[in-house]
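> Below is the structure I would like to discuss, written out as structure tokens.
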Amino acid sequence: MYDFLFQTFAATAILAAIIMVTRKNPVSSVIFLVVVFFATSGMFLMLDAHYIAAINLILYGGAIMVLFLFVIMLLNLGHADWSDLRGPLGGMFGGAIAIGFLGVLVRSLVGNTPATPSATPAGEALRAAAAEQGVIGVVARPLFGEYFMVLQVTGVLLLASIVGTILLARRSRG
Amino acid sequence: MSDGLGVSGLGTPGLIALFVSAILFTIGVIGVLLRRNAIIVFMCIELMLNAANISLVAFSRLHGIEGQIFVFFVMAVAAAEAAVGLAIIIAIFRHYEVVDLDRFRALKW
């Protein structure tokens with residue numbers, strides 16, 4: 001059951017991604033990207049990353065995709081009246097690069113036969129910690145301990161992005 | 001690669017996740033290379049970030065919680081990047097009235 005569900009999520013993610021890239025209409029692209037994020041959230045859930053699954057849904061599937069929809073509607077781009085695919089030359093170039101890229105990535109994975117259910121010391125320790133501290137606590141402890149400085153810098157980054165966004169989107173007075 | 005640090009310690013779901021990650025990343029690359037609509041190109045970049053997140057989560061089963069911490073920061077940076085990128089697209093649209101990437105050639109020779 002676990003394997004079947006996981007493979008269903010994986011297949012959904014890949015299928016929805018292919019549909020997303022091939023849609024003319026940006027709005028349908030956004031919808032299928034949301035499907036991709038739902039499917040990957042399911043995969044995160046089944047890979048013992050519960051907190052990541054939740055924020056993937058809330059932040060990506062919710063907030064960022066709504067931002068995309070807002071921009072599409074604001075600029076009135078929700079109709080597919082121009083084909084934005086590149087010409088045959090660009091298509092061949094892009095396809096060749098993509099195939100080479102996939103070849104390199106898959107080449108690094110095949111030949112490593114998977115062991116039966118993984119039981120590395122770190123993975124086992126992670127599961128034990130999750131059982132003891134809860135799935136949020138196991139992420140929160142290093143985040144507010146070892147990585148506290150990084151968290152602060154991320155806050156500064158978000159502040160900078162807010163200021164930059166307002167500056168860019170404001171109409172110039174000239 | 002069987003010392004507990006290679007991909008063979010991941011188990012079947014982890015290995016499937018790595019393959020899905022590779023395929024999603026490649027689809028994102030194809031989208032960036034073949035589409036000219038700036039918003040769809042931007043969505044493909046988000047797809048590539050998500051593919052990288054899948055890899056990080058799969059490896060966090062093997063190496064401990066740090067992978068999930070990295071995913072958290074990747075998401076924070078992606079949120080900031082989405083906001084700034086969409087603001088740039090809006091600013092460009094005000095100037096050119098289109099979002100066709102081939103029309104923006106001020107920085108090309």
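> Report, to the nearest 10°, how far helix B:11-34 tilts away from the longest principal axis of the Cα atoms in chain B, using its own Cα long axis and a range of 0 to 90°.
The two axes meet at around 10 degrees.
> Going by a ≥ b ≥ c, the root eigenvalues of the Cα gyration tensor, does the range A:1-79 fall in the rounded group (a/c under 1.5), the prolate group (a/b larger than b/c) or the oblate group?
It comes out oblate by the Cα gyration axes.
> Just the projected area, averaged over all directions, of the convex hull on the alpha carbon atoms of chain B: how many nm²?
With the hull built on Cα positions only, its mean projection is 8.4 nm².
> Which of B:20, B:32 comes first, and how do the rest follow, when ranked by fewest Cβ neighbours within 10 Å?
Result, fewest neighbours first: B:32, B:20.
> I would also like to ask the following. Rounded to the nearest 0.05, what FRET efficiency do residue A:97 and residue B:88 have when you use their Cβ-Cβ distance and R0 = 30 Å?
FRET efficiency, residue A:97 to residue B:88: 0.75.
> While we're looking at this one, here's another question. Evaluate the charge dipole of the range A:1-144 about its Cα centre and quote only its size in Debye, nearest 20, assuming +1 on the Cβ of each Lys and Arg and -1 on the Cβ of each Asp and Glu.
260
> While we're looking at this one, here's another question. Hey, got the average number of other protein chain Cβ atoms within 10 angstrom for residues in A:95-102?
4
> Also, quick follow-up: Determine how many Å³ per residue the convex hull of the Cα atoms of the range A:36-108 encloses.
119
> Quick check: net charge around residue B:101, other residues with Cβ under 12 Å of its Cβ, Lys/Arg +1 and Asp/Glu -1?
My count for the surroundings of residue B:101 gives +3.
> Of the options A:130, A:109, A:156, report the single residue whose Cα projects farthest towards the positive end of the charge dipole of chain A (beta-carbon charges: Lys, Arg +1; Asp, Glu -1).
A:156
> Next question. Could you give me the radius of gyration and the Dmax of the protein assembly as shown, taking only the C-alpha atoms into account and expressing both in angstrom?
Gyration radius and largest Cα-Cα distance of the protein assembly as shown: 20.0, 66 Å.
> Output ³J(HN,Hα) for the range A:143-156: one whole-Hz value per residue in order, computed from phi by the Karplus curve 6.51 cos²θ - 1.76 cosθ + 1.60 with θ = phi - 60°, and x for Gly and Pro.
5, 9, x, 5, 9, 5, 4, 4, 4, 4, 5, 4, x, 4
> Helix-only estimate, please: 222 nm mean residue ellipticity of chain A, summing -39500 (n - 2.57) across DSSP H runs of length 4 or more and dividing by its residues, to the nearest 500.
Dividing the helical sum by the residues of chain A leaves -24000 deg cm²/dmol.
> In degrees, nearest 10, range 0 to 90: what is the angle between the Cα axis of helix B:66-96 and the longest Cα principal axis of chain B?
Approximately 10 degrees, to the nearest ten.
> Given points 7 Å out from each Cα along the Cα-Cβ axis, report the residue B:106 to residue A:2 separation in nanometres with one decimal.
Going from the residue B:106 label point to the residue A:2 one covers 5.5 nm.
> Do me a favour and compute the ellipsoid semi-axes for the range B:44-83 from its Cα gyration tensor, root of five times each eigenvalue, largest one first, whole Å.
20, 11, 4
> Under the √(5λ) rule applied to the eigenvalues of the Cα gyration tensor, what semi-axes describe the equivalent ellipsoid of the range A:122-174? Give them in Å, descending.
40, 11, 7
The numbers here are math on the coordinates, done by the rules we state, and not lab data. In this text, all values refer to a predicted model and were calculated from it rather than measured experimentally. Neighbour counts run over all protein chains shown; Cβ positions are idealised from the backbone, glycine included.
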